[in-house]
Amino acid sequence: MITYTNVSPTGIIERGGGSMQEGVGRLRGDAPPTGGLFSLSDALFFYQTGLESLVDDAVTQRFSSEELNSWNLLTRTNQNFRYISLRLTLFWGVGVFVRYGLLLPFRVTLAVIGLSWLVIGTVLVGLLPECSGKNWLSELVHLTCYRVCARGLSATILYHNKENRPQKGGICVANHTTPIDIVILANDGCYAMVGQVHGGLMGVLQRSMSRSCPHVWFERSEMKDRHTVTNRYD
């Protein structure tokens, strides 16, 4: 929670103050400038002044974070809440065990199952001849795998205004999407995606997905690839 406060007279940090000549003089010390009136260290004064203005701006001074009045599982690493009582320490230990000993392995297992089935399923579907059944199986495999991966993220997804969802043959624009964004979007429908080609694990997933669905992966820095994508659009 953020509360409005008056501007602190001292500010957030202790600023150097003084004129430009005084600030540059402090940085130079007793050493005279070499090769002329300007020394490379003179620029440090302007760097310092700029950073002070960013950190200690008038807007930031008007807000302060609300301090927690009670202990919770998130304040265990705070030096002031390192140890309060044996009961709270045991409670925190049980929470760490449940989170990292039970939930984390379970979520990692779900993610591995979802990604493995995505690779295997799309490769198998890609072996089928082009027909309506292949498209149906491809959509089923994609939806199943993405929904399993979403469970690994403990995602609870609620879609609103489904009537605005892109229909078959339509275009949905979502710039700067990450793999997690794709998992969330693809839980509601199978999309043929256009994006940057990758290597490693992402490359394996991209190549396998392209076997069953007409995804378009290209290298943005290559003009030839960009022309190929434009022709695919046409």
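No value in this document is a laboratory result; all are computed from the given coordinates. Computed from a predicted structure; not experimentally measured. Don't worry about glycine lacking a Cβ; one is built from the backbone with ideal geometry, like all the others, and counts go over all protein chains shown.
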(message) Can you tell me the length gained on complete extension of the stretch LYS162 to ALA43, counting 0.36 nm per residue apart and subtracting the Cα distance?
(response) 37.2 nm
(request) First select every other residue whose beta carbon is under 12 angstrom from the beta carbon of VAL125; then total the charges, Lys and Arg +1, Asp and Glu -1. (result) 0
(message) Could you compute the net charge surrounding VAL108? Neighbours are other residues with a C-beta less than 15 Å from the C-beta of VAL108; K and R count +1, D and E count -1.
(response) +3
(message) Tell me the net charge near TYR191. Cut-off is 12 Å between Cβ atoms, TYR191 excluded, with +1 for each Lys or Arg and -1 for each Asp or Glu.
(response) -1
(message) Can you bin every Cα-Cα distance in region 86-233 into 10 Å intervals starting at zero and give me the percent of pairs per bin, rounded to whole numbers?
(response) 10, 33, 32, 15, 7, 3, 1
(message) Ranking request for peptides 95-102, 205-212: highest mean number of other beta-carbon atoms within 10 Å first, then the rest in descending order.
(response) 205-212, 95-102
